[in-house]
Each structure stands twice: as structure tokens, then as C-alpha cells.
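Below: one structure, written as C-alpha cells.
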Amino acid sequence: MDFNVNLRKNYNRTEPGNDYLKYYKVVKYWARHKYEISSQDFDMICYLYSEKLFTRPQFQEFECIFSWDNHRFNRMTEAGWIIKWRPRIGMEKALYELSRKGKSMMVSVYKKLNGEEPISETRQNNTLFNKNVSYTDNMYKRTIKNMNRNNAEKRRLKRIEEDIYQQQPHVIKYRQSRGLPPHQPL
């Protein structure tokens, strides 16, 4: 009997195509502190960002998965997260949309999740980097630094990969045939 059986199979590990949720919790924590909103309000803004125009019943339909809060819609409107796009006219319901403030927050959140933009590590721009912060804030501060380093390295490797691709003969020939300027390395 042969007891030297190889149990491990060889395989190639492929990197996931989309890994932007890796730092979702960190970016959400940063956004909650920067914009001073609750976790549930942040989740609601994430939902409303893709809704474009919505009615109050549509808001309440998604709101039912959150904890009970009768004043959420009014509070978010007063805080400037939601604005009225069209008032009620006859039988047509009023339409609302996410405000410019909410949309700009979501653009910033997506840029950070996609690794296009780092989270600021200065005290002036990020209160998590103040001296007298809680233990939890210190742990997030450390993770933010790691996230920024990791994303910077990914961007650097992507630039190197692009430069190598642009130096291939078929790419150079294509650029010349189209009258495009030669590739400028970054």
C-alpha cells in the first residue's frame, strides 16, 4: 500500500477582478466621521445615490429594513442630504433627489473604494488623525495607512504594466499608423 499520496492539488491563484469591498468598512467609518452621519443614514444615502429621483413611499420602502426611526426622512432633509426636486402637483407625488452634498460624498466614497483617491492622513482634513482619539479610531487610523499604501502600490504597478504594454512593437506601430504621439512614460 502506498501512503505517500499527494493531497494538495496544484492550482494557479487568480486575483479577484473587483476587490473594492475589501476596505468598505474603513471607508464607511471615515465617511461617518467626516460627514457626521449615522451608519443607517450612510446606508440610505448609498441606496439613494443610484435611485436618481424618488418619492417618499420609495424612500420608506427601503427604509423598512433599518431600525425604526419615524423622523429619518425629515432629519435627512433638514441636514441637507435630500432635496425636493419637484413639489406635489395635483395627483402627482412630490419627487426628491439626493442633494449635491450627498452626491459629492458618494463620489468621494467610490473613489476611495476603487483606490483612485487616498483617505487623508492629516489632522486638518481627517479628525481620526487627531492626537486624543479613541482606541477604535487609532485602529482605523492604522488600517487607513495600510489601505493608502496598498492602493498606491497597486496604482504604481498598473502604471508600470501600462508602460510595458505601450513599448510593445504592435502598439508603437498602431500609434504611428494613426498619427498619435509616442507614449510618454509616467
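The values are calculated or read from the model by the stated rules, or taken from the named source; none is laboratory data. Just so it is clear, the structure is predicted and the values come from calculations on it, not from any experiment. Cβ sites come from the backbone with ideal geometry, for glycine too, and all protein chains shown count toward neighbours.
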task = Just give me the residues in region 59-80 being over 16 Å from TYR35 (Cβ atoms), part of a helix (DSSP H, G or I) and touching a residue at least 24 places away in the same chain (Cβ under 8 Å), in sequence order.
result = PHE59
query = Which of the residues spanning region 123-168 are in contact (Cβ under 8 Å) with a residue 40 or more places away in the chain and either among the basic types (Lys, Arg) or more than 25 Å from TYR35 (Cα to Cα) (or both)?
reply = ARG155
query = Is it true that TYR174 is of a type in the set (Phe, Trp, Tyr) and over 16 Å from the mean Cα position of the chain (by Cα)?
reply = yes
query = Among the residues of region 6-21, is any modelled with pLDDT under 90 and assigned to a helix (DSSP H, G or I)?
reply = yes
